[in-house]
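Participant: Below: one structure in structure tokens.
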Amino acid sequence: MISPLFSHLLIPFLVAMFLAVNMGGSGTAPAFSAAYGANIIRKSLIPGLFGIMVFLGAIIAGKGAATTVGKGLLEPEMMSFTVVSIILFSKKRK
């Protein structure tokens, strides 16, 4: 039997990972197309470089971005399993 805590964390985590892969894929091409087209970097280096830059961005600006986004938008008591899933699924498409 799966614990309730595990089942309430698994679905939002899987949705977040799916969206992260989609956002990463849509950001890689425009970010590195000019450098790849100009033969400055090899195709095999692009995913690693992109991952490093995303990680550095999260380390450098992540706390500030989370603080800004988290100010007064939703009360902490409202962040339930259902609300988090709806927020993740309602990501704006380009």
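The values are calculated or read from the model by the stated rules, or taken from the named source; none is laboratory data. Remember, it's a predicted structure, so these values are computed and weren't measured experimentally. Note that we place each Cβ from the backbone using ideal geometry, even for glycine, and neighbour counts take in every protein chain shown.
Participant: Just to be sure, is P12 exposed (fewer than 11 other Cβ atoms within 10 Å of the Cβ) and not small (G, A, S)?
Facilitator: No: the conditions fail for P12.
Listed here are the residues, each with its yes/no results for (1) in a helix (DSSP H, G or I); (2) modelled with pLDDT of 75 or more.
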residue: H8; (1), (2): yes, no
residue: F18; (1), (2): yes, yes
residue: G27; (1), (2): yes, no
residue: A31; (1), (2): yes, yes
residue: I41; (1), (2): no, yes
residue: A58; (1), (2): yes, yes
residue: T67; (1), (2): yes, yes
residue: L74; (1), (2): no, no
